[in-house]
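The next block holds one structure in the form of C-alpha cells; read it before the comments.
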Amino acid sequence: MTIEVTRDVFKLAQVFTISRGSRTEAKVLTVKISRGGHVGWGECVPYARYEETLESVTAQIQGLPEDVDRATLQGLLPAGAARNAVDCALW
C-alpha cells in the first residue's frame, strides 16, 4: 500500500467570511491511497482553531503504517483533519 499526500491552494471566487474571520483561498490536503490495484482519495482542510497546520497533518498521515485499515486508524490518530482524509481514502 502507498499513501501520498499533496497540497493544493484554491483561490475562492469571492471572500468567504464567518464570525472568526475571512479567507480568500482554501488550503487543502489530498490523500491518495493505493493498494492491490485499487485507489482511494480523501481530502481535508487543517484548521488552526484545532491547532492543525498543513505540516502537522501531513506528518500525521505520513507517520501511519503502510498496512493501516479503517479499524486500526481510529486508534492511531485523534479525530481531526488527518484521520478524516485517510478514512475517506480507505473507503
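The values are calculated or read from the model by the stated rules, or taken from the named source; none is laboratory data. Model, not experiment: these values are computed from the prediction. Every residue, glycine as well, gets a Cβ built from its backbone with ideal geometry; the counts of neighbours run over all protein chains shown. The accessibility values were calculated without ligands, DNA or RNA, using every heavy atom of the protein model including side chains. Shrake-Rupley method; radii C 1.70, N 1.55, O 1.52, S 1.80 Å.
Worth pointing out:
- Counting only Cβ charges, +1 for Lys and Arg and -1 for Asp and Glu, the dipole size of region 1-69 around its Cα centre is about 400 debye.
- Here the simple spin-label model places points 7 Å from the Cα toward Cβ, and for residue 71 and residue 43 these points are separated by 3.1 nm.
- Taking the 1.4 Å solvent-accessible surface of the chain as the whole, the part contributed by carbon and sulfur is 52%.
- Available extension along the chain between residue 25 and residue 59 is 10.0 nm, counting 0.36 nm per residue and deducting the alpha carbon span.
- When nucleic acids and ligands are ignored and a 1.4 Å probe is applied, residue 54 ends up with an accessible area of around 40 Å².
- Each label was represented as a point 7 Å from its Cα along the Cα-to-Cβ direction; for residue 50 and residue 4 these points are 2.6 nm apart.
- Placing unit charges on the Cβ atoms of the charged side chains and taking the dipole of the chain about its Cα centre, the candidate lying farthest along the positive direction among 44, 86, 12 is 12.
- Scanning the chain for GluC sites (Glu not before Pro) in DSSP loops with at most 16 neighbouring Cβ atoms within 10 Å leaves 1-50 as the longest stretch between them.
- Averaging 1/r over each pair of different alpha-carbon atoms in region 48-91 and inverting the result gives 10.7 Å, the Kirkwood hydrodynamic radius.
- Ordering of 9-18, 78-87 by packing [mean C-beta count within 10 Å, highest first]: 78-87, 9-18
- Scaled against the 2.2 N^0.38 Å expected of a compact globular protein of N residues, the Cα radius of gyration of the chain reads 1.15.
- Solvent-accessible area per residue for the chain (1.4 angstrom probe, square angstrom): 67 Å²
- Cα-based helix-to-principal-axis angle, 81-90 vs the chain, degrees rounded to 10: 50 degrees
- Helical content of the chain, expressed as a calculated mean residue ellipticity at 222 nm, amounts to -8000 deg cm²/dmol (DSSP H runs of 4 or more residues, -39,500 (n - 2.57) each, divided by residue number, nearest 500).
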